[in-house]
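A short write-up of the structure that comes next.
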């Protein structure tokens, strides 16, 4: 395993509390929900930032966590780290160019390991649907308390649905005002076909300065900013509208 440093942005109090709430609600889903896919409807909704900060929050609570960057088509995770040397990624493992132990990286955050996406392959869908991806998930489940998988957006490619088949649950990150309720429902219905439970939705980049916002979505409570982005909402159960 190689060592990497995560370049974290210090959350303010309310921002940190938002991810503690997300962490707590994830735990309330049951101790059998340990392999979690985190996706979005479209790109640039903040799913990678949410995944990373949730992973950090779980690790700070004493859980042994690995974050897997499975967005092999458009990974942004490497920009959040300081890597002193070349590292292998998911692509290398799934194409049998490296072992799992040579692919997983140790971070500067206690209890948190990371697996990068690696270079973009010509056949990401086939690699994710292979027996090697299944074997990797089974191995990670034995070694970690939580496996968080950052997936490509459901509305763009089929990869997230393929990944979800190997997971205990899936969370959808939705940018406030970015998607229609109808489209989000279509994304959920597509994920339902995988028979992987949709655990809930994270409403991201909420502009709380807009008057009447809560009348549309229901009052989730105010949570703090993540860096320069708008406030995250509470993680909500799928039975709630929003």
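The values are calculated or read from the model by the stated rules, or taken from the named source; none is laboratory data. On a predicted model such as this, the values are computed, not experimentally measured, just so you know. So basically every Cβ, Gly included, is an ideal-geometry build from the backbone, and we count neighbours across all protein chains shown.
Based on this model, can you work out whether residue 242 counts as assigned to a loop (DSSP other than H, G, I, E, B), in contact with a strand residue (DSSP E or B) (Cβ under 7 Å, 6 or more places away or on another chain) and modelled with pLDDT under 85?
Yes.
Has the stretch 155-163 got any residue that is on the phi > 0 side of the Ramachandran plot, surrounded by 20 or more Cβ atoms within 10 Å (Cβ to Cβ) and either modelled with pLDDT of 90 or more or within 17 Å of the chain's Cα centre (by Cα) (or both)?
Looking through the stretch 155-163, none of the residues is on the phi > 0 side of the Ramachandran plot, surrounded by 20 or more Cβ atoms within 10 Å (Cβ to Cβ) and either modelled with pLDDT of 90 or more or within 17 Å of the chain's Cα centre (by Cα) (or both).
For the subset of the stretch 170-205 comprising residues that are at positive phi and assigned to a loop (DSSP other than H, G, I, E, B), which member is modelled with the highest pLDDT?
195
If you go through the stretch 150-169, how many residues are part of a helix (DSSP H, G or I) and closer than 23 Å to residue 25 by Cβ?
Number of matching residues: 3.
Starting from residues that are under 13 Å from the mean Cα position of the chain (by Cα), assigned to a loop (DSSP other than H, G, I, E, B) and modelled with pLDDT under 90, keep the ones in the stretch 45-77 and report whichever is farthest from residue 110 (Cα to Cα).
In this case the residue turns out to be 45.
Go through the residues of the stretch 28-35 one by one and say whether even a single one is within 13 Å of residue 171 (Cα to Cα), in contact with a strand residue (DSSP E or B) (Cβ under 8 Å, 6 or more places away or on another chain) and assigned to a helix (DSSP H, G or I).
The answer is no, given that none of the residues of the stretch 28-35 is within 13 Å of residue 171 (Cα to Cα), in contact with a strand residue (DSSP E or B) (Cβ under 8 Å, 6 or more places away or on another chain) and assigned to a helix (DSSP H, G or I).
Output the residues belonging to the stretch 103-126 that are in contact with a helix residue (DSSP H, G or I) (Cβ under 8 Å, 6 or more places away or on another chain) and surrounded by fewer than 21 Cβ atoms within 10 Å (Cβ to Cβ).
Matches in the stretch 103-126: 109, 110, 111, 119, 120, 121, 125.
For the stretch 1-27, how many residues meet the condition of being more than 22 Å from residue 197 (Cβ to Cβ) and in contact with a strand residue (DSSP E or B) (Cβ under 7 Å, 6 or more places away or on another chain)?
9
Select, from 229, 208, 214, the only residue that is at pLDDT below 90, outside any strand (DSSP E or B), surrounded by fewer than 20 Cβ atoms within 10 Å (Cβ to Cβ) and in contact with a helix residue (DSSP H, G or I) (Cβ under 8 Å, 6 or more places away or on another chain).
None of the others qualify; the one that does is 229.
Condition test on residue 14, is it modelled with pLDDT of 80 or more and in a helix (DSSP H, G or I)?
Judged against the criteria, residue 14 is not a match.
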